[in-house]
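J.: This is the structure I want to talk about, given as structure tokens.
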Amino acid sequence: MGYVDVNQVSHTLPDGRVLLDEVSFRVGEGSKTALVGANGAGKSTLLRLVRGEVAPQAGAVTVDGELGVMPQFVGHVRDATTVHELLVSVSPTSVRRAHADLERAEEAMMVSEDEKTQMRYAEAIARYGDAGGYEAEVVWDQCCVAALGVPYTECRWREVRTLSGGEQKRLVIEALLRGPAPVLLLDEPDNYLDVPGKRWLEEALRTSPKTVLFVSHDRELLSRVPDRIVTVELGAAGNSVWVHGGSFETYHEARRERFARLEELRRRWDEEHGKLKALVSMYKQKAAYNSDMASRYQSAQTRLRRFEEAGPPQQQPREQNLRMRLRGGRTGKRALVCEGLELTGLMRPFDLEVWYGDRVAVLGSNGSGKSHFLRLLAGGGDDPESSLVPEEERERIESVAHSGRARLGARVRPGWFAQTHEHPEFAGRTLLEILHNGEGTRSGVPREEAGRALDRYELALSADQTFDTLSGGQQARFQVLLLELSGTTMLLLDEPTDNLDVVSAEALESALELYQGTILSVTHDRWFARGFDRFVVFGADGRVYEAAEPVWDEGRVERAR
């Protein structure tokens, strides 16, 4: 078993802003520690510091034992990476190096089979075996069967982008939990997993003997897995951390008590500061006409100076102040009508009517067709030219093979929140530029107004960052802001809370309560689903049906607590 020790670590961004200021915490042997905090506060940067990808500018990071790392990008791999390459990338360092040597030797054999090349190939095979490569392939086979239902030999050359986000996550987590690394760093491991997958993850983490440091915003997972919670707190001079040595059930009460204690300490300090300043002022006046008071005046000055040099107690961390304003608008009574709709190869034909003002949660396992359904509606349904979706926007949305009817109602203007945050039209553009220039039917806004809007979404400091450099949570908040400005009357939300921190998720829930329009949301967030009044289930057998309560497993209904 291993541990992680972060001691007085500081990190400054390239623009000179201090992101982390003297951060210290320890993840003990066998501990399951959650790392939480505002989007963009530095959680992913902390993980990069721990795994050595970034060197600490001050302080030290100590890791005892081999690290197994799941980066945040897993779940939306869109390049030509194969299953084999993905599994190699999360293997121990010795296996990765030996595998790279073996690949180079194999490539050389394809060019020449002389004795020297053959010897090099034989040595590479031996090194790969000594490094544990063949034992790793046995583990990979177990992982592929568990995550994909097929052995490694049948899927090793399959491109990862053909897997669902949940399948990608499950495959990597299986490999890390079954692998030899005693310390795991998991960046949002629950994203893209359906609810059965999240339940599996919760149980797997709880029962694993490994030391695990993970970032998550899933309130159910946080309430069931970690034995301690490290919070990255916002500060004017750099973000610090607070360690709660207990479960999520006691977290909020402990945080309220801490804030109250910090407030009381600051009040007492201010009172004492005021008394000392008044004392100095009094002795100054008396010393002006009584030389005997000069020594007391000097003594009072010394006390005040030492008091101020010691400084005030820790300042209460700044709380996020998110103000999302999703307005909506009136549409026809029928917002959506589906008749005999079938997404090719994904589901049986089904009928569905959604009325203006309905809040519909779209539930089901990964790969059942939920995201394709939202994408079809985002593109205007089966008759996009008669919809309110602008032509340039329709061209950006990948078409969905289907049959049957899916018609949007009168005055319905869909607004799509994409789970993968894929917006190639934003590549290389700053947030301020995107808002100021507008896009499609979304009018541009003056820079001052754009700045105020970004401030409401806690994105003001990122105004000059490009969209692709934002954290996943910041991208999610910006997408919600774009929906606010687009004049949408139907929200199509694909896992909107996946990357949002707890405060942002709660702000989104409050905004949706006030939204004057229709909402369809794909979600595996058990807390988020409680805010909906209709539940459409995409079953594993291809059947689409409506349920009175959230259905997370086939044949099983989970009642909201």
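J.: Can you work out ³J(HN,Hα) from phi for every residue in the range 21-30, in order, using Karplus 6.51 cos²θ - 1.76 cosθ + 1.60 and θ = phi - 60°, giving whole Hz and x for Gly and Pro?
T.: Whole-Hz 3J(HN,Hα) from phi for the range 21-30: 10, 6, 7, 9, 6, 9, 10, x, 4, x.
J.: A follow-up question, please. Taking H as built 1.01 Å from N, whose amide H comes closer than 5 Å to the amide H of Trp552, not counting residues under 5 places away?
T.: Glu558
J.: Tell me which lysines have Cα within less than 22 Å of Lys275's Cα, excluding those fewer than 8 residues away on the same chain?
T.: Straight-line reach from Lys275, under 22 Å: Lys284, Lys286.
J.: Okay, next question. Heavy atoms of the protein only, probe of 1.4 Å, neighbouring chains included. What is the accessible area of Glu391 in Å², nearest 10?
T.: The value for Glu391 is about 110 Å².
J.: Output the 0 to 90 degree angle, nearest 10, between the alpha-carbon long axis of helix 447-456 and the longest principal axis computed from the alpha carbons of the chain.
T.: 90 degrees
J.: Now a separate question. Which whole-Hz couplings ³J(HN,Hα) result when phi for each residue of the range 229-238 is put into the Karplus expression 6.51 cos²θ - 1.76 cosθ + 1.60, θ = phi - 60°, listed in order with x for Gly and Pro?
T.: Rounded to whole hertz, the list is 10, 9, 9, 7, 9, 6, x, 5, 9, x.
J.: Between Gly165, Asn239, Pro196, whose Cα lies farthest towards the positive end of the dipole of the chain when Lys and Arg beta carbons carry +1 and Asp and Glu beta carbons carry -1, centred on the Cα centre?
T.: It is Asn239.
J.: Right, another one. Lysines within cross-link reach of Lys198: Cα-Cα under 20 Å, excluding same-chain residues under 8 positions apart?
T.: Lys32, Lys169, Lys210, Lys370
J.: If you count only protein heavy atoms with a 1.4 Å probe, what accessible area per residue comes out for the chain, rounded to a whole Å²?
T.: Ligands and nucleic acids excluded, the figure is 46 Å² per residue.
J.: Size of the dipole of the range 456-561 about the Cα centre, Lys and Arg at +1 and Asp and Glu at -1 on the beta carbon, nothing else charged, in debye to 20?
T.: Numbers: 9 positive and 19 negative charges, 49 e Å.
With Lys and Arg at +1 and Asp and Glu at -1, about 240 debye.
J.: At 222 nm, what value in deg cm²/dmol follows for the chain if DSSP H runs of at least 4 each add -39500 (n - 2.57) and the sum is divided by all its residues, to the nearest 500? Before the final figure, lay out the partial values.
T.: Working: 17 runs with 218 residues, N = 561.
Counting only the DSSP helices, I get -12500 deg cm²/dmol.
J.: If the range 1-128 were replaced by its equivalent ellipsoid, with semi-axes equal to the square roots of 5 times the Cα gyration tensor eigenvalues, what would those be, largest first, whole Å? Before the final figure, lay out each step's value.
T.: Details: eigenvalues 288, 58, 44 Å².
After scaling each eigenvalue by five and taking roots: 38, 17, 15 Å.
J.: Let me ask you something else. At 7 Å along Cα-to-Cβ for each site, give me the label-to-label distance between Asp455 and Glu391 in nm.
T.: 4.0 nm
J.: Please list 3J(HN,Hα) in residue order for the range 354-367, calculated via the Karplus relation 6.51 cos²θ - 1.76 cosθ + 1.60 where θ = phi - 60°; whole Hz, with x for glycine and proline.
T.: 10, 9, 3, x, 5, 10, 10, 8, 9, 10, x, 6, 4, x
J.: In terms of solvent-accessible area of protein heavy atoms at a 1.4 angstrom probe, what is the ranking of Val139, Val18, highest value first? Show your work: numbers first, answer last.
T.: On the way: Val139 35, Val18 70 Å².
In descending accessible area the options line up as Val18, Val139.
J.: Exactly which GluC sites (Glu not before Pro) in the range 15-53 are in a DSSP loop and have at most 11 other Cβ atoms within 10 Å?
T.: Working: sites: Glu22, Glu29, Glu53; in loops: Glu29, Glu53.
Those that pass, being in a loop and sparsely packed, are Glu53.
J.: On a 0 to 90° scale, report how tilted helix 251-289 is relative to the longest principal axis of the chain, with both axes built from alpha carbons and the result rounded to the nearest 10.
T.: Compared with the principal axis, the helix lies near 20 degrees.
J.: Angle check, please: helix 502-514 long axis (alpha carbons) against the longest principal axis of the chain (alpha carbons), in degrees 0 to 90, nearest 10.
T.: It is inclined by approximately 70 degrees.
J.: Hey, another quick one. May I ask you to list the residues of the range 483-500 whose amide nitrogen lies under 15 Å from a point 7 Å from Cα along the Cα→beta-carbon direction of Arg327?
T.: Correct set: 483-490.
J.: Using a 1.4 Å probe on the protein chains only, how many percent of the accessible area of the range 229-349 belongs to carbon and sulfur? The partial results should precede the final answer.
T.: Numbers: 3580 of 7650 Å².
C and S fraction of accessible area: 47 percent.
J.: Enumerate the amide H contacts of Leu19 below 5 Å, restricted to partners 5 or more residues apart or on another chain; note that Pro and chain-start residues carry no placed amide H.
T.: His11, Thr12, Leu13
J.: If you don't mind, another one. Enter the accessible area of Tyr121 (Å², nearest 10), with the probe set to 1.4 Å and all protein chains included.
T.: 70 Å²
J.: With a cut-off of at most 12 other beta carbons within 10 Å, and DSSP calling the residue loop, which GluC sites (Glu not before Pro) in the range 78-158 qualify? Please list them. Before the final figure, lay out the partial values.
T.: Values: sites: Glu85, Glu103, Glu106, Glu107, Glu113, Glu115, Glu123, Glu135, Glu137, Glu154; in loops: Glu113.
Sites meeting the loop and neighbour criteria: Glu113.
J.: Same structure again: Treating each Cα of the chain as an identical point scatterer and ignoring solvent, apply the Debye formula and state log10 I(q)/I(0) at q = 0.10 Å⁻¹.
T.: -0.93
The values are calculated or read from the model by the stated rules, or taken from the named source; none is laboratory data. The structure presented is a predicted model; accordingly, all values stated were derived computationally and were not measured. Counting neighbours? That spans all protein chains shown, and the Cβs are built from the backbone with ideal geometry, glycine included. These accessible areas exclude ligands, DNA and RNA; they are computed on the full protein's heavy atoms, side chains included. Shrake-Rupley method; radii C 1.70, N 1.55, O 1.52, S 1.80 Å.
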